[in-house]
Amino acid sequence: MWMVPTLLGIILIILGLLHAAPGDPAMMMMGIGSGGSSGEVSQDGVDYQARIDAFKKENALDRSFLVQYAGVLGPFNVKPDGHELFGGDGRNPYGGFLVFDFGKELLNKNKHIGEEIKKRLLSTTLPLALISIMLTYLLALPIGIYSANRAGMTIDKITTVGLFIMYSIPVFWAGLMLKLAFGKTGLGWLPVIGLHSRDAADMDMLPYLWDAFKHFLMPVTVMTYGSLAYISRQMRTGMIEVIHQDYIRTARAKGLSEKTIIFKHALRNSMIPVITIFASILPILIGGSLVIEVIFDLPGMGEYMFKGLLKRDYNIIMATMTLSGVMTLMGILLSDIAYAIVDPRIKYS
């Protein structure tokens with residue numbers, strides 16, 4: 001139940017930060033940037049300020065902060081006294097999140113943000129994120145379990161050092177190094193831009209899949225290695241704590257095999273730290289990775305948010321950041337539910 005007021009607070013904070021940040025979409029529309037001055041006139045005699053004022057009025061940017069907040073939330077187009085809230089035609093330039101309408105881009109009225117988000121999610125962000133998350137858990141959990149059962153041994157120390165080095169490598173640096181090493185400037189093995197070649201639509205099935213695999217390889221690698229290193233360490237910590245408890249010693253005393261002890265008795269209780277992390281990973285499904293998508297020129301949600309920031313397009317930024325906030329809340333909720341599934345001692349009343 002607390003998700004609803006929390007989401008309202010998230011939207012309020014995002015809108016407040018947008019207003020506090022430098023830059024103005026009206027200035028960007030005129031090509032002035034954020035440094036334009038009031039009343040500036042071009043050489044051909046066009047009054048920029050008049051155009052800026054008209055743009056702000058059209059998009060309700062001249063209204064009060066609370067009026068804009070109401071517009072972001074829903075279709076509140078008319079005041080109680082009958083006066084129009086958002087212009088003469090009653091149109092809400094923000095769409096209204098409560099009716100699942102993200103409106104249109106401020107600087108491109110022909111482009112619906114909801115349709116653009118859907119296209120980018122299905123074509124780029126979701127495939128990349130799902131592959132990355134699946135690989136992360138499929139590799140991290142066995143590595144964590146293996147290290148926990150060999151804690152203190154040479155192989156565990158080598159694994160620990162390797163994973164800490166992997167986790168410490170910045171994502172942007174890793175992406176750039178991979179492009180330099182395997183792109184045209186290096187070995188020339190892999191493409192470094194986009195998810196498909198220009199002629200991919202004309203390819204047969206197997207060449208098409210091979211082309212997609214080569215394009216996905218570097219972005220997925222960069223998206224995966226950091227989470228893999230972190231989750232495997234959390235899995236190791238949770239498993240070490242569990243395997244030293246009394247009921248595990250009792251299971252060993254009964255003569256159960258080590259495989260049965262680990263996967264039947266210890267694994268579920270050691271999953272609590274890993275499940276907690278899921279709340280921070282889930283937003284990647286919607287928000288994507290801004291850095292990775294910009295580096296590899298991928299048309300996903302992260303790149304869309306970045307372009308919105310550059311253009312100071314409030315509608316794009318509000319939509320993408322709010323969706324990321326929703327996914328964070330959903331991740332927390334699913335984590336809470338998963339706690340009770342993996343650990344019968346946890347009950348919710």
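The values are calculated or read from the model by the stated rules, or taken from the named source; none is laboratory data. Quick caveat, the model's predicted, so the values are computed rather than measured. Note: ideal-geometry Cβ built from the backbone for every residue, glycine included; neighbour counts use all protein chains shown.
Worth a mention:
- Taking the listed residues Leu329, Leu256, Leu298, Leu323, the one that is buried (at least 17 other Cβ atoms within 10 Å of the Cβ) and part of a loop (DSSP other than H, G, I, E, B) is Leu298, with no other qualifying.
- Test result for His196, surrounded by fewer than 17 Cβ atoms within 10 Å (Cβ to Cβ) and either outside the structural domain of Ala140 (by TED's automatic domain parsing) or at pLDDT below 80 (or both): yes
- Any chance Met223 is free of Cβ contacts under 8 Å to residues at least 12 places away in the same chain, surrounded by 13 or more Cβ atoms within 10 Å (Cβ to Cβ) and in contact with a helix residue (DSSP H, G or I) (Cβ under 7 Å, 6 or more places away or on another chain): no
- Some residue of the range 184-192 being surrounded by 13 or more Cβ atoms within 10 Å (Cβ to Cβ) and part of a helix (DSSP H, G or I): no
- Within the range 267-295, no residue satisfies the criterion of being of a type in the set (D, E, K, R), surrounded by 19 or more Cβ atoms within 10 Å (Cβ to Cβ) and at pLDDT below 75.
- None of Ser227, Ser197 is in a loop (DSSP other than H, G, I, E, B), at negative phi and of a type in the set (Gly, Ala, Ser) except Ser197.
- Residue match in the range 27-42 (condition: among the charged types (D, E, K, R) and at pLDDT 65 or above): no
- Of all residues in the range 170-188, those satisfying the criterion of being free of Cβ contacts under 8 Å to residues at least 12 places away in the same chain and either more than 16 Å from Ile292 (Cα to Cα) or not aromatic (Phe, Trp, Tyr) (or both) are Pro170, Met177, Leu180, Ala181, Gly183, Lys184, Thr185, Gly186, Leu187, Gly188.
- Restricting attention to the range 189-203, the residues that are among the aliphatic types (A, V, I, L, M), without any contact (Cβ under 8 Å) to a residue 40 or more places away in the chain and more than 10 Å from Met218 (Cβ to Cβ) total 3.
- In the range 147-169, the residues that are surrounded by fewer than 16 Cβ atoms within 10 Å (Cβ to Cβ) reach residues that are charged (D, E, K, R) with C-beta atoms within less than 6 angstrom, at least six apart or across chains, in these pairs: Arg150/Asp156.
- Test: residue in the range 112-119 that is in the same structural domain as Thr221 (by TED's automatic domain parsing), surrounded by 12 or more Cβ atoms within 10 Å (Cβ to Cβ) and farther than 30 Å from Arg312 by Cβ: no
- Subset of the range 242-253 [in a helix (DSSP H, G or I) and over 34 Å from the mean Cα position of the chain (by Cα)]: Ile243, Asp246, Tyr247, Ile248, Arg249, Thr250, Ala251, Arg252, Ala253
- Restricting attention to the range 226-252 and to residues that are surrounded by 16 or more Cβ atoms within 10 Å (Cβ to Cβ) and among the charged types (D, E, K, R), the residue that is farthest from Gly144 (Cα to Cα) turns out to be Arg233.
- Failed item in (1) farther than 30 Å from Leu195 by Cβ; (2) modelled with pLDDT of 75 or more; (3) not hydrophobic (A, V, I, L, M, F, W, C), with Lys79 passing the rest: (2)
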